[in-house]
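So the structure is just underneath, and the comments pick up after that.
Nothing in this text is a laboratory measurement; each read-out follows from the coordinates by a stated rule. Predicted, not measured: the structure shown is a model, and the values here were computed from it. So basically every Cβ, Gly included, is an ideal-geometry build from the backbone, and we count neighbours across all protein chains shown.
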Amino acid sequence: MEPEPNVWAHPQLRAAVAAEDWPALLKTWRRLTRSSQSKLGALVGLAQPDVSAIENRRREVTSVEVRQRIILGLGVPLELLGVRHEELPLPSLVLPGVVSGTDAERLIAVKKGGLRLDAASLDAMDALLAVHRRAEDTVGSRTIAPLVTAQFEEVASLYDQARGPLADRVVKLLAEYAQFLAWMARDQDNAPVALGWFDRSYDWALESGYGDMAATTMSMKAHLAWSQGKGRRCVRLGEAAASTAGASEATRAMAVQMAGRGHALEGDADDAYRRLDEAQQIIAATSDAPPWLYFYGESWFAAQRGMADLHLKEWSSAAEKLVTGLAGFAPTFRRDRAWYGSCLAHAYAGAGETEAALATSLSVITDASEIGRPHAWEELHRVAGMLMRRRAAEGRALFDALAALD
């Protein structure tokens, strides 16, 4: 049953929010809405045992990620958390220092029409977007996407205030927002929405002369084609992105390696390795990258080569490269570590290293469950299937571990 319209008017629930008493908040919300722990868990991205542990005070809510999931999943009014809506310059994570006090005052004034949009305001919006890009690596797209969508709507509403060069900057910023929203839609396996955002990003990039973003958008459409198993389309989009006027070297390297991965998906090893070698030469000579490619580097590229080897069933080489790549990923890259970790488990399973496949799967299973759905989660199920078809005991062990979190 859906929450009653006045559920947040209940004094007991309001008191729990004000005190940030998460066990009492969860229990009270469930009682008022007559919801199960499983249903609440689905809303906030937690497994039922985790909800039970929080409610019974066996687990404390100490991370920003879990706190944010509860706030967003249950629709906790921000004013009950001591933050009035008008005090938030743009919807954002409930994190200290997301924008400075000066920037917050400026954005509030711009939003209310008391101050004309200026370059400093756009700088603050750029910084806010950058914060949420990096936060998505840690807390996942399910948490970040609603906030970024709301930010996008606020930024779009300011376009009429922009004049001259500032108008181009707003369009460029909208292109960046659209690209990020497309990425998160793809991460949640919503291809139609992702394509819609990619097209908007590409149009705005062309309108504002933002060749680097146009190339990035095309390259990420290649990534979407790859994720759908369309190797030929992946190659063509990757090649188109690499030849886009205005693309930086880092963006071009990303596009070239996407073409290589498309060839690998098609089983064409020679062209795959040729393009991957070319991409590696480009990235080795690249000293700068656009802000949305902050993650791009040798470690990430090693993982991409591992993915190509995985397509070509070069199991041992794939495992070696994925291990190298993962070693360079920061702990905050939880989503990527879950994905490439599940791919490493796939490589081990393909090579017949069943114990390593299970150990690797279990090392990433929590992150795959919490922020790696559907991709990393489905990859772990594929690994379990491979192991069970080989009648390996590790297959049943992994299947049971996955079932416990489903």
- prompt: Which Rg and Dmax, in Å, describe the Cα atoms of region 164-231?
  reply: 12.1, 43
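Using the Kirkwood radius built from alpha carbon pairs, what does the Stokes-Einstein equation give as D for the chain at 20 °C and 1.002 mPa s, in µm² per second?
94 µm²/s
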message: What's the magnitude of the charge dipole for the chain around its Cα centre, counting Lys and Arg as +1 and Asp and Glu as -1 at the beta-carbon? Answer in Debye, nearest 20.
response: 980 debye
Total charge dipole magnitude, region 348-406, about the Cα centre, Cβ charges on Lys, Arg, Asp, Glu only, Debye to nearest 20: 300 debye
message: Can you tell me which lysines have their Cα less than 28 Å from the Cα of residue 313? Leave out same-chain residues fewer than eight positions away.
response: 221, 230, 321
query: Say R0 is 25 Å: what FRET efficiency, to the nearest 0.05, do residue 123 and residue 249 get from their beta-carbon distance?
result: 0.50
- request: Would you mind computing, in nm to one decimal, how far apart the modelled labels at residue 12 and residue 38 are, each placed 7 Å from Cα along Cα→Cβ?
  value: 2.5 nm
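Enumerate by residue number the chymotrypsin sites (Phe, Trp or Tyr not before Pro) in region 245-309 meeting two conditions: DSSP loop (anything except H, G, I, E, B), and at most 12 other Cβ atoms within 10 Å of the site's Cβ. Numbers along the way, then the final one.
Working: sites: 273, 292, 294, 295, 296, 300, 301; in loops: 294, 295, 296.
The qualifying sites are 294.
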- request: Subtracting the Cα-Cα distance from 0.36 nm times the residue separation, let me have the gained length for residue 390 to residue 316 in nm, one decimal.
  value: 24.9 nm
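Once R0 is set to 56 Å, what does the formula 1/(1 + (r/R0)^6) return for the Cβ-Cβ distance between residue 400 and residue 157, expressed as a FRET efficiency to the nearest 0.05? Write out the running numbers ahead of the final one.
Values: r = 50 Å, r/R0 = 0.90.
Approximately 0.65, to the nearest 0.05.
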message: Whole percent per 5 Å bin, from 0 to the bin with the longest distance: what is P(r) over all C-alpha pairs of region 272-406?
response: 2, 11, 20, 22, 18, 12, 8, 4, 2, 0
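For residue 236 and residue 62, calculate 0.36 nm times their separation in residues minus their Cα-Cα distance, and state this gained length in nm to one decimal.
Numbers: separation 174, 0.36 × 174 = 62.64 nm, distance 4.63 nm.
Contour length minus Cα-Cα distance gives 58.0 nm.
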message: Placing +1 on the Cβ of each Lys and Arg and -1 on the Cβ of each Asp and Glu in the chain, which of 76, 132, 269 has its Cα farthest towards the positive end of the resulting dipole?
response: 76
message: For the ranges 281-290, 145-154, 244-253, 175-184, what's the packing order if you count other beta-carbon atoms within 10 Å of each residue, average per peptide, and put the highest first?
response: 175-184, 244-253, 145-154, 281-290
- request: Taking every pair of alpha-carbon atoms in region 362-406, give the share separated by more than 17 Å as a whole percent.
  value: 23 percent
task: Name the lysines eligible as straight-distance cross-link partners of residue 27: C-alpha to C-alpha under 17 Å, and not fewer than 8 places from it in the same chain.
output: 39
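Express the relative contact order of region 264-335 as a whole percentage, based on alpha carbon pairs under 8 Å and six or more residues apart in sequence. Mind showing how you got there, number by number?
Details: 58 pairs, mean separation 23.2, N = 72.
Computed over region 264-335, the figure is 32 percent.
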- prompt: Build a GNM of the chain with springs between Cα atoms under 10 Å: which of 61, 44, 235 gets the top mean-square fluctuation?
  reply: 61
